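Working notes for the structure below.
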Amino acid sequence: MRYLCLSELYWPYQGGHVVYLHEVFRRLGDTCVVTGMMPPTPRRQIVDGVEICRIDLRRWPLLRPESLVLYANLAKRGLLTALRAKPTAVIAARVLPEGLVANLIAGITGIPSVVFAHGEEIATWTHAPDPSHSRGCLGVWKQHLLWRTYRRCDKVVANSRFTQDLLHAGRIDPSKVAVVHPGTDPKRFRPQPKDPDLLRRYQLEGKQVLLTVGRLSRRKGQDVTLRALPQIARAAPDVVYAIAGAGDYEAELRALVRLLGVERRVRFLGSVADELLPAVYNLADVFVMPNRTLPESNDVEGFGIVFAEAGACAKPIVAGRSGGASEAVLDGDTGLLVDGACPDQVAAAVIRLLTDEQLARRLGHAARERVRRELNWDHTAARIQTWIHQAVRPDKSPAPQAAGSA
């Protein structure tokens, strides 16, 4: 089988859904990805067996809509590639813009279209826009396109049951939706001793380390962990909180650190090079990301690949009971779930793991075993391939169920 993927963003861009796509496609093989330019990367290259074709997908602020040229360029190159390569399926990284274009190509060529659903795009784009404002009108139109695209595609791959429920609430045919959890590579992310060079670099020698890895944003809950830190420090005097990642929220987080007077207990690691990620996870005694749903935008965590990566390193996890995180982390089994908006709950869970070594070890071991069993890229890619086969040959392959429920 040969696959054509449309993705506005792709490798080497860092982001959960990009990691998801690349790890799946390198295992599926014979895939061409049409994506946006990302200097200084070349227009054409092959990475891990995946053919990457980069085109101009800039947005033009003076146009209305500003993404008009993006849609046109993606449709033109995607259609030409489909006519030349005759792929088995056209796969869209997201519902908009990629899914809409994939459906257009499918309508012209007869090739089945498959769309990935990540959860947060549905939750935020369907969040009660105000039609009395211009942006509200745009939101209403985007909602219409979102649901129309899902209804017209042949198959949808949802990253969690949470995302599946959002699709069902939008009256998407349940028979075309499969839940396939993301994963990680347990050979790459595995338990290792703390790297002494990194301990010195980040001044973590002799410390109990809390770690968050991810984009710096309110949804991820770094601010709530900071607010919990003084309480945690009273029970664990040697605790330090390491924050790995970059984002628009960094200035506010740094200001909060000063306000709380916890400068000596916080390390901002910045963006971590991909090859260093496993070693950074292994610095942690507890991985903590108390994600929460933001009421003003309905922004939510659709799953959370970082939970699988931390689990693969046998780290006990504290996560928010929001979105798909409760499927990435099983409460009391592979970690502890809390109200991600409540510093007291975050503090209590972290203190419990820092002071109960047996519990922390048991949860970390269970998290590692779950990754080896089901939350790994080989498992994810095989289930997605089964679902694509179902789109191509509807009577030949059973639909994959949610990871862990088969």
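The values are calculated or read from the model by the stated rules, or taken from the named source; none is laboratory data. What you see is a predicted model, and the numbers here were worked out from it, not measured in a lab. Cβ coordinates were reconstructed from backbone atoms using ideal geometry, including for glycine residues, and neighbour counts include every protein chain displayed.
Some notes on this structure:
- Close pairs from the range 119-144: first farther than 26 Å from V157 by Cβ, partner in a helix (DSSP H, G or I) and at pLDDT below 60, Cβ under 6 Å, at least 6 apart: P129/G136; D130/G136; P131/C137
- Residue within the range 231-247 that is assigned by TED's automatic domain parsing to the domain that holds G340, out of contact with any Phe, Trp or Tyr (no Cβ under 9 Å at 6 or more places or on another chain), of a type in the set (D, E, K, R) and surrounded by fewer than 17 Cβ atoms within 10 Å (Cβ to Cβ) present: yes
- Filter pass, L9 being in contact (Cβ under 8 Å) with a residue 60 or more places away in the chain, assigned by TED's automatic domain parsing to the domain that holds A89 and farther than 21 Å from N376 by Cβ: yes
Yes or no, residue by residue, for (1) closer than 21 Å to I388 by Cα; (2) at pLDDT 95 or above; (3) assigned by TED's automatic domain parsing to the domain that holds G99; (4) of a type outside the set (A, V, I, L, M):
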| position | (1), (2), (3), (4) |
| --- | --- |
| C32 | yes, yes, yes, yes |
| M38 | no, no, yes, no |
| V50 | yes, yes, yes, no |
| R54 | no, yes, yes, yes |
| P65 | no, no, yes, yes |
| Y71 | no, no, yes, yes |
| K76 | no, yes, yes, yes |
| L79 | yes, yes, yes, no |
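- Criterion (in the same structural domain as D30 (by TED's automatic domain parsing) and at pLDDT below 95) met by exactly one of R151, R135: R135
- Leading residue by the ranking (surrounded by the fewest Cβ atoms within 10 Å (Cβ to Cβ)) among those in the range 330-344 that are among the small types (G, A, S) and more than 19 Å from the chain's Cα centre (by Cα): G332
- Subset of the range 167-185 that is within 13 Å of C153 (Cα to Cα) and of a type outside the set (A, V, I, L, M) - its residue that is surrounded by the most Cβ atoms within 10 Å (Cβ to Cβ): K176
- Residues of the range 54-110 that are of a type in the set (D, E), loosely packed, with under 14 Cβ neighbours inside 10 Å and within 24 Å of H144 (Cβ to Cβ): E66 alone.
- Here A75 passes the criteria (1) of a type in the set (A, V, I, L, M, F, W, C); (2) under 27 Å from G302 (Cα atoms); (3) free of Cβ contacts under 8 Å to residues at least 40 places away in the same chain except the one numbered (2).
- Considered as a group, the residues in the range 186-211 that are in contact (Cβ under 8 Å) with a residue 60 or more places away in the chain and within 30 Å of V115 (Cα to Cα) include one that is surrounded by the fewest Cβ atoms within 10 Å (Cβ to Cβ), and that residue is R188.
- Test for P316: is it surrounded by 24 or more Cβ atoms within 10 Å (Cβ to Cβ) and touching a Lys or Arg at 6+ places or on another chain (Cβ under 9 Å): yes
- Positions within the range 350-406 being of a type in the set (A, V, I, L, M, F, W, C), at pLDDT below 95, outside any helix (DSSP H, G or I) and surrounded by 17 or more Cβ atoms within 10 Å (Cβ to Cβ), in sequence order: A402, A403
- Given (1) within 17 Å of the chain's Cα centre (by Cα); (2) crowded, with 24+ Cβ neighbours inside 10 Å, number of the condition E327 does not satisfy: (2)
- Scanning the range 278-310 for residues that are buried (at least 18 other Cβ atoms within 10 Å of the Cβ) and more than 30 Å from W125 (Cβ to Cβ) gives P278, V280, Y281, N282, L283, A284, D285, V286.
- Scanning the range 147-175 for residues that are within 22 Å of the chain's Cα centre (by Cα), part of a helix (DSSP H, G or I) and among the hydroxyl-bearing types (S, T, Y) turns up T149, Y150, T163.
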